[in-house]
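One structure is given here, and the rest of the page talks about it.
The values are calculated or read from the model by the stated rules, or taken from the named source; none is laboratory data. Quantities reported herein were computed from a predicted structural model and do not represent experimental measurements. With ideal geometry, Cβ positions are generated from the backbone for all residues, glycine too; neighbour counts draw on all protein chains shown. With ligands, DNA and RNA removed, areas are computed over all heavy atoms of the protein, side chains included. Shrake-Rupley method; radii C 1.70, N 1.55, O 1.52, S 1.80 Å.
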Amino acid sequence: MAHKASGATLNAGGREVAVSNLDKPMFPAGFTKAQVIDYYIRVAPYLLPHLKDRPLTLKRYPNGVAGKFFYEKDAPLFTPKWVATFPTPRRGGGAPIRYVLIQDLATLVWCANLANLEMHPFLHRAPALNTPDSLVFDLDPGEGAGIRDCAEVAFLLKALLDGFGLRSFPKVSGSKGLQIHVPLNDPRVRYDATRAFAKAVAQALEHAHPKLVVSEMAKSARAGKVFVDWSQNSDFKTTVGVYSMRAKREHPLISMPVKWDELAGTEAKLSWQPADALERLSAVGDLFQPVLPLKQKLTGAGPKKPARAPRASAAPSKTTLRRSRQGGRRRFLIQEHARKSLLRLEMEDTVKSWEVTSLAAPVPLPAIPAPDEPIASFNPESSDVQDAGVYDMMEGSYEQGHLRIYLKGKTVDGEWMMTRDGAVWTIANAGAPELPEARIKFVEPMAAKLVAALPEGEPWTYEIKLDGYRALALRGEHGVELLSRNNNSFTARFREIAAACERIPANTICDGEIVALDPKGRPAFNLLQNWHSSSAPLKYYVFDLLAYQGKSLLKLPLVERRRILDVALEGVSEPVRVLGVVVGTPAELIRAAREQSLEGFVAKRADSVYEVGQRSGAWVKFKVNQGQELVAGGYIPGGKHYFESLLVGYWEGNDLMFIGKVRNGFTPKSREELFRRMEALRTTVCPFANLPEPKNARRGEALTADVMAKCQWLSPELVVQVEYTDWTEANHLRHSKFAGVREDKDAREVRHEHP
C-alpha cells in the first residue's frame with residue numbers, strides 16, 4: 001500500500017475508511033503506520049476468521065512503541081456506526097463495556113489506523129460470553145530460560161494432552177515464549193471448567209518436572225524455568241491473537257502458528273517479521289485453520305494410560321489442609337451457623353470456636369465462644385464449610401485473651417485481631433482500611449429511585465417499603481435525638497421510640513422509618529398522621545447503620561453495615577426493630593404484597609455504599625398500587641388541558657358516593673380521548689349523593705358548594721380503572737392515578753372493593 005498524507009481515505013472491502021499520519025514511524029527500526037495497515041490488509045484473509053464475533057481489547061500506541069501505550073476496552077466515543085460492538089456487563093456494575101468486534105476488513109483497517117498494533121481477543125465469541133471455544137497455555141520463559149526451554153515444555157504438555165485425547169496447536173507468541181491452543185468448540189463448556197483443567201494440568205507438569213516447570217505467578221520462582229500460565233482461561237482475560245503484531249522489539253514480530261516438528265528442530269526459525277510471515281502464509285497456509293471447526297470434549301477427559309504426573313481433571317482437586325510440624329501454622333474453618341458463621345481454629349490438641357457476625361468488618365464485633373472440641377471433629381469436607389485454610393499466630397495467645405492471627409483461605413486472606421475482656425470476645429479485620437471518625441450529627445438520608453419493575457439478580461436484596469416517616473436516630477454520648485429527613489426533630493413527638501434507642505451503643509447513627517400499624521400489622525400512613533387520636537401501635541424499623549461507636553460506616557458495603565446493625569440493636573427492645581430482608585423472586589414478592597395490601601418494596605444492592613443525599617439507583621423502590629373500577633361522575637375543567645381532575649365514586653345501593661379526585665396518570669392522548677367520551681355525557685345535575693363536602697373534609701381542596709359551581713357533571717355511565725396506594729379513614733383514595741377506561745363493566749355494578 002502506498003503511503004498517503006493525513007486526511008486520506010482507503011477503500012477497504014468496499015467501504016471508505018479514513019486513515020491519517022501514515023508516515024509516522026510505529027517501531028524504532030522505522031516501520032511506519034502505513035506498513036502496519038498494509039500488513040493487516042494482506043493478512044486479513046487468514047486473520048479475520050479467527051477474530052469474527054470475538055470482543056477485542058485494543059492496545060493502542062499513539063506515538064509508536066517507544067511512547068506510552070494504553071489498553072482500551074470500551075469502544076471510543078468516535079467509533080463509526082458501522083463498526084460492530086457488543087455490550088458486556090461490568091463486574092462492578094454500571095453501564096456495560098462496548099467491546100469492538102472486528103467483523104470485516106474495514107474495521108480491521110480502522111483499528112490499525114488508531115495505532116492498535118496488537119490484537120487481543122477473548123477466547124469466547126459473542127453472545128456466549130461464558131463459553132470459551134478453546135483453552136490456552138501461555139509458556140513464558142523466566143530469566144535464564146529461552147524459547148527452546150519453552151519448546152521442551154510444550155512437548156511435555158502435548159504428551160499430557162494427547163493422553164487426554166486432546167489435539168493441541170502451538171504458536172509462537174511473538175514475544176519470548178509459546179502458546180498452546182486446545183480447540184473445544186463445545187457450547188456446553190464454561191470458563192470454570194477450562195480454567196480448572198488448565199490449572200490442574202500446569203500443576204501436574206510442575207509436579208513431574210519441578211526443575212523445568214513452574215505454575216505459580218510469582219516471578220521470583222521462575223528463574224531458569226518455564227512458567228505455564230493457565231490463568232488466561234478466564235472470561236475477563238484476553239490472549240494475543242494469531243497473526244497479530246507484537247510491539248516488543250525494535251521491529252514488529254508476528255504471533256505465528258508453528259508445526260510440532262518445527263519445534264523439535266534446534267535450528268528451525270521461530271520468529272517472523274511481517275514480510276516473512278506473509279511469505280510463510282503464502283507457502284504453508286493457515287496452520288490454525290483446523291482450530292476453527294475441530295470439536296473436542298473436555299468433560300470426562302482422562303489419560304488413556306498411566307502417566308508420570310498426577311492425573312489432571314476438568315474439576316479442581318480438593319486441597320488437603322495440613323498443619324505444620326516444624327512451625328506454628330495450623331488449620332482453620334469457617335462454617336455456616338444460623339445467620340452467622342462459626343470460626344474454628346486448631347490449637348494444640350483442641351479446636352477453639354467462636355460464633356462471629358462478620359469477618360469483614362473493621363470494627364470490633366462480638367465473637368461468642370463455643371465449647372472446645374477434639375481435633376477429630378475438624379472436617380474440611382463438611383457440607384456447611386464456607387471457607388477453609390491455614391493460619392499463623394502473629395502474636396498473643398488464647399490464654400492471654402489476645403490473638404493476632406493471619407488467615408489464608410479461599411476467600412479470606414489477611415490479619416485479624418481477637419480480644420477477650422472478661423468473658424466477652426471481640427474480633428476485627430485488622431487488614432481492612434481504618435474507618436474514619438464519625439460526627440454524630442444530621443446526615444441527609446440516601447434515597448431510592450422509583451422504578452417500574454423490581455430488579456432481579458444476585459446483588460439485589462429486598463425490603464418491604466414502609467409507609468411512614470423517615471427518621472435518623474442519633475445516639476450521642478448523653479442521649480438520643482430523632483430527626484426527620486428534613487432535619488426536624490421527632491424526639492418529643494415520639495418519646496417512646498427515643499427512649500428505646502437509649503440502649504443503642506453511644507456515638508451511633510441509625511436510619512429507619514417510623515410507622516403506625518393497622519390491626520393486621522400493616523403500616524398505615526393515615527394512622528400515623530392521626531396517631532395522637534388513635535391507638536395504633538408505633539414502630540421504628542431500622543434498616544441501615546451510618547455510624548457505629550464513633551466510626552463512620554458510610555463507605556462500607558450494605559451487607560457489612562447490616563451485619564453491624566444486627567449487633568448494634570441486639571440489646572434494643574420494642575418499639576425498635578431491625579427491618580429484615582425478604583426473600584423471593586420479584587413476581588412472588590409482588591403477588592404477596594398485593595395479597596397483603598402492602599405499598600411495595602425497596603431493592604438495594606448488597607455492595608452499595610451509603611451515598612448521602614443521593615438517589616443514584618443503587619437503591620430503588622417499586623410501588624405495588626392497588627386498583628379498582630370507579631364511575632366518572634364529573635370533572636373540574638382545566639382550560640387547554642381539557643380537564644384538571646376527574647371526579648370518581650362508587651355505588652352504595654342507589655347512591656353514587658364521591659370518593660376522590662384523580663389528577664394523575666393521564667397522557668395527552670388519553671386525556672383528549674377521555675374528554676371526547678365525556679362530552680356526550682354532560683349533565684347539569686350532580687350525580688353524587690354525598691356532595692357538597694365541608695371545607696375540612698380533606699387535606700386538598702374540598703368539593704364545597706362554591707367549588708361545585710366550577711364542576712362539569714356527567715351522567716354516571718363511564719367506568720374508569722383507577723390505581724391507588726390506600727384508602728384513608730375518611731374513605732378517600734390516596735395517591736390515585738388513572739389507568740384506563742373499562743369497556744367491559746356496567747357502571748351500576750361498581751361497588752367498593754377495598755377490604
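Data for the structure
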{"quantity": "Those residues of the stretch 477-494 which are over 23 Å from GLU570 (Cβ atoms) and open to solvent by 80 Å² or more (accessible area, probe 1.4 Å), in sequence order", "calculated": "ARG485, ASN486, ASN488, ARG493"}
{"quantity": "Qualifying positions in the stretch 383-414 - part of a strand (DSSP E or B), free of Cβ contacts under 8 Å to residues at least 60 places away in the same chain and under 27 Å from the mean Cα position of the chain (by Cα)", "calculated": "VAL385, GLN386, ASP387, LYS408, ASP413, GLY414"}
{"quantity": "Residue match in the stretch 415-424 (condition: out of contact with any Lys or Arg (no Cβ under 9 Å at 6 or more places or on another chain) and aliphatic (A, V, I, L, M))", "calculated": "yes"}
{"quantity": "Top-ranked residue in the stretch 210-223 [being surrounded by fewer than 18 Cβ atoms within 10 Å (Cβ to Cβ) and modelled with pLDDT of 85 or more; ranked as farthest from LEU160 (Cα to Cα)]", "calculated": "LYS211"}
{"quantity": "Matching residues, the stretch 411-440, being in contact with an Asp or Glu (Cβ under 9 Å, 6 or more places away or on another chain) and either surrounded by fewer than 14 Cβ atoms within 10 Å (Cβ to Cβ) or of a type in the set (D, E, K, R) (or both)", "calculated": "THR411"}
{"quantity": "Matching residues, the stretch 617-631, being among the small types (Gly, Ala, Ser) and either open to solvent by 50 Å² or more (accessible area, probe 1.4 Å) or modelled with pLDDT of 90 or more (or both)", "calculated": "GLY617, ALA618"}
{"quantity": "Complete set of residues in the stretch 632-655 that are surrounded by 16 or more Cβ atoms within 10 Å (Cβ to Cβ) and within 11 Å of HIS752 (Cα to Cα)", "calculated": "GLY649, TYR650, TRP651"}
{"quantity": "Matching residues, the stretch 42-61, being surrounded by fewer than 18 Cβ atoms within 10 Å (Cβ to Cβ) and part of a helix (DSSP H, G or I)", "calculated": "ARG42, PRO45, PRO49"}
{"quantity": "Candidate set from the stretch 709-725 (those that are not in a strand (DSSP E or B) and not hydrophobic (A, V, I, L, M, F, W, C)); member that is surrounded by the fewest Cβ atoms within 10 Å (Cβ to Cβ)", "calculated": "LYS710"}
{"quantity": "Which numbered condition LEU545 fails, given (1) closer than 21 Å to TYR462 by Cβ; (2) out of contact with any helix residue (DSSP H, G or I) (no Cβ under 6 Å at 6 or more places or on another chain)", "calculated": "(2)"}
{"quantity": "Some residue of the stretch 502-512 being surrounded by 21 or more Cβ atoms within 10 Å (Cβ to Cβ), more than 20 Å from VAL612 (Cα to Cα) and touching a strand residue (DSSP E or B) at 6+ places or on another chain (Cβ under 9 Å)", "calculated": "yes"}
{"quantity": "Filter pass, LYS158 being part of a helix (DSSP H, G or I) and either open to solvent by 10 Å² or more (accessible area, probe 1.4 Å) or β-branched (Val, Ile, Thr) (or both)", "calculated": "yes"}
{"quantity": "Residue list for the stretch 80-105, filter: modelled with pLDDT of 85 or more and not hydrophobic (A, V, I, L, M, F, W, C)", "calculated": "PRO80, LYS81, THR85, PRO87, THR88, PRO89, PRO96, ARG98, TYR99, GLN103, ASP104"}
{"quantity": "Identity of the residue in the stretch 632-662, touching a helix residue (DSSP H, G or I) at 6+ places or on another chain (Cβ under 8 Å) and outside any strand (DSSP E or B), that ends up modelled with the lowest pLDDT", "calculated": "HIS641"}
{"quantity": "Matching residues, the stretch 26-39, being in contact with a Pro (Cβ under 9 Å, 6 or more places away or on another chain) and under 25 Å from GLN103 (Cα atoms)", "calculated": "MET26, THR32, LYS33, GLN35, VAL36, ASP38, TYR39"}
{"quantity": "Within the stretch 726-744, considering residues that are in a loop (DSSP other than H, G, I, E, B) and under 41 Å from the mean Cα position of the chain (by Cα), the one farthest from ARG522 (Cα to Cα)", "calculated": "SER736"}
{"quantity": "Subset of the stretch 187-205 (residues that are open to solvent by 20 Å² or more (accessible area, probe 1.4 Å) and either outside any helix (DSSP H, G or I) or at pLDDT below 90 (or both))", "calculated": "PRO187, ARG188, ARG190"}
{"quantity": "Hits in the stretch 247-272 (condition: at pLDDT 90 or above and crowded, with 19+ Cβ neighbours inside 10 Å)", "calculated": "ALA247, PRO252, LEU253, ILE254, SER255, MET256, PRO257, VAL258, TRP272"}
{"quantity": "Count of residues meeting criterion [exposed (fewer than 13 other Cβ atoms within 10 Å of the Cβ) and modelled with pLDDT of 95 or more] in the stretch 681-708", "calculated": "3"}
{"quantity": "Subset of the stretch 444-476 (residues that are open to solvent by less than 40 Å² (accessible area, probe 1.4 Å), in a strand (DSSP E or B) and hydrophobic (A, V, I, L, M, F, W, C))", "calculated": "ALA471, LEU472, ALA473, LEU474"}
{"quantity": "The listed residue being open to solvent by less than 20 Å² (accessible area, probe 1.4 Å), among the aliphatic types (A, V, I, L, M), part of a loop (DSSP other than H, G, I, E, B) and touching a helix residue (DSSP H, G or I) at 6+ places or on another chain (Cβ under 8 Å), out of VAL109, VAL83, VAL100", "calculated": "VAL83"}
{"quantity": "Which numbered condition LYS73 fails, given (1) open to solvent by 70 Å² or more (accessible area, probe 1.4 Å); (2) farther than 19 Å from ALA115 by Cα", "calculated": "(2)"}
{"quantity": "ARG222 vs. criteria among the basic types (Lys, Arg) and under 30 Å from TYR39 (Cα atoms)", "calculated": "no"}
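One line per residue, one yes/no per condition, for (1) touching a residue at least 60 places away in the same chain (Cβ under 8 Å); (2) out of contact with any Lys or Arg (no Cβ under 7 Å at 6 or more places or on another chain):
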site	(1), (2)
CYS686	no, yes
LEU703	no, yes
VAL719	yes, no
GLU729	yes, yes
LEU733	yes, yes
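Residue-wise test of (1) within 24 Å of GLU749 (Cα to Cα); (2) of a type in the set (Val, Ile, Thr).
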position	(1), (2)
GLY638	no, no
PHE643	no, no
VAL648	yes, yes
ILE659	yes, yes
ARG677	yes, no
